[in-house]
Amino acid sequence: MQGDIHFISGLPRAGSTLLSAILRQNPRFRAGMTGPVGSLVDGMLRSMSMSNETAIFITDEQRRDLIKSIFSTYYADLPKGHVVFDTNRNWCARLPLITDLFPRAKVICCVRQIPWILDSVERLIRKNKYQPSGIFNFEPGSTVYSRVEGLAAPNGMVGFAWNALREAFCGEQTACLLALTYETLTSQPERAIAAVYEFIGEKPFAHDFQNIEFDAEEFDRRIGTPGLHKVGKRVESPGRKTVLPGDLWRKYENDAFWGDPARNPNQVKVI
C-alpha cells in the first residue's frame with residue numbers, strides 16, 4: 001500500500017457511517033461503510049487453516065504476506081500520502097492481527113448506549129413494515145422481544161460487536177484504540193473530529209458539518225432495510241423517546257462499560 005491505513009470498528013448504529021461521511025470530506029481520506037476486506041481476511045484465514053489438508057505447506061510468514069496482500073490489492077489505487085479508513089466490526093476482535101500487519105494503524109471504536117442501538121434498529125424495522133429485513137433473515141414473524149434477543153445474542157449484530165469491543169478494551173493492543181461516543185459525535189462534532197485527527201497524527205482539516213453526503217441506498221434496499229446507512233445532511237443529536245418496552249431498556253441500560261473506569265482497566269481514551 002502506498003498510503004496509510006486506519007480502522008473504524010466498534011458497535012453498530014453508533015456513528016461509524018456518519019464518521020466516515022465526515023472524514024471523506026478530506027480529499028486525502030478514503031472512508032465508507034463496512035467493506036469486504038474484513039470478510040476476505042476471515043475467508044483467507046479459514047482457507048489457510050488446517051481444515052484445508054494442503055495448509056500444511058503454508059508457513060506463517062506466507063500466511064502473513066497473503067493476508068497483507070488482500071489490503072494492498074484492494075487499496076492498490078490509493079495514492080501515495082493518502083489515508084484509508086477500513087470499517088468493520090470484526091476489527092476489534094482482530095487487533096493482534098492488524099497491529100502486526102500495520103503497527104502504526106489506529107482503531108476508532110464507535111460506541112453508543114446499548115438501548116439506543118437496539119431502539120435504532122427497532123425503529124428501522126417498524127418504519128419498513130412492508131419489507132422484512134435481512135438483519136433478521138427476512139423473517140416477518142417476530143416481536144420486539146425476539147428481535148432484541150437475536151441482536152444481543154453472542155453472535156448477533158449487537159452482541160458480537162459488544163463482546164469484540166470488550167475483548168479489545170482488555171487486550172494487549174489498547175494503545176491503538178480510541179473510543180468515540182455517538183453522543184459526542186452528534187452533539188459536538190468539532191470536538192470529536194479534532195480528537196480523531198490528533199489521535200491518528202494528522203493535521204486538522206476544515207470539515208463542513210452542515211453538508212454531509214453519503215449514499216448507500218441500493219445496498220440498504222438489497223438487504224431489505226432502507227435507511228440502514230442513511231446519514232442526514234447535517235450533524236445533529238437526535239432527540240426522541242424510545243420505542244423499546246421499559247423492561248428491555250432496563251435490561252441493557254448498564255452495558256456501556258467504556259464509561260466506567262473500573263471496566264476500562266487499560267484506560268482507553270473515550271471522547
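Some observations on this one:
- Evaluated at q = 0.15, 0.24, 0.32 Å⁻¹: base-10 log I(q)/I(0), Debye formula over Cα of region 89-131: -0.59, -0.82, -1.06
- Loop-located chymotrypsin sites (Phe, Trp or Tyr not before Pro) across region 46-134 with a Cβ neighbour count of 16 or fewer within 10 Å are Y130, with loop assigned by DSSP.
- Helix-only CD estimate at 222 nm, as mean residue ellipticity for the chain, using -39500 (n - 2.57) per DSSP H run (n ≥ 4): -11500 deg cm²/dmol
- Using every pair of separate Cα atoms, the Kirkwood estimate puts the hydrodynamic radius of the chain at 19.7 angstrom.
- Rounded to 0.05, the FRET efficiency of the D42 and Q267 pair, given R0 = 25 Å and the Cβ-Cβ distance, is 0.25.
- Extension reserve of the N52-F219 stretch, reckoned as 0.36 nm per residue once the Cα distance is removed: 56.8 nm
- Averaged over residues, the count of other Cβ atoms within 10 Å places the peptides 36-47, 10-21 in the sequence 10-21, 36-47, highest first.
- Carbon/sulfur fraction of accessible area - the chain, other protein chains in place, 1.4 Å, %: 51 percent
- ³J(HN,Hα), Karplus 6.51/-1.76/1.60, whole Hz, each residue of region 208-217, x for Gly, Pro: 9, 7, 9, 9, 8, 10, 6, 9, 9, 4
- Region 27-97: Rg to Rh, with Rh as the Kirkwood radius over Cα pairs: 1.02
- Spatially proximal lysines relative to K233 (Cα-Cα < 27 Å; intrachain offsets below 8 disregarded): K127, K129, K203, K241
- Long-range amide H partners of K269 with built H, under 5 Å: A179
- Tensor-based shape of region 187-271 (alpha-carbon gyration tensor, a/c under 1.5 rounded, otherwise prolate or oblate): oblate
- Whether region 61-112 is rounded, prolate or oblate, judged on the alpha carbon gyration tensor where a/c under 1.5 counts as rounded: oblate
- For a straight C-alpha distance cut-off of 13 angstrom, the aspartates and glutamates reachable from K106 (same-chain residues fewer than eight places away being disregarded) are D4, D86, E198, E202.
- Taken along the Cα-to-beta-carbon direction at a fixed 7 Å, the label points for L66 and A175 span 3.1 nm.
- Pairwise Cα separations in region 1-131 fall into 5 Å bins from 0 onward with the following percentages, short to long: 2, 9, 17, 19, 17, 12, 10, 8, 4, 1, 0.
The values are calculated or read from the model by the stated rules, or taken from the named source; none is laboratory data. Given the structure is predicted, the values throughout are model-derived calculations rather than measurements. Reconstructed Cβ throughout: ideal geometry from the backbone, glycine too, with neighbour counts over all protein chains shown. Side chains are part of the model used for accessible areas, which takes the heavy atoms of the whole protein and leaves out ligands, DNA and RNA. Shrake-Rupley method; radii C 1.70, N 1.55, O 1.52, S 1.80 Å.
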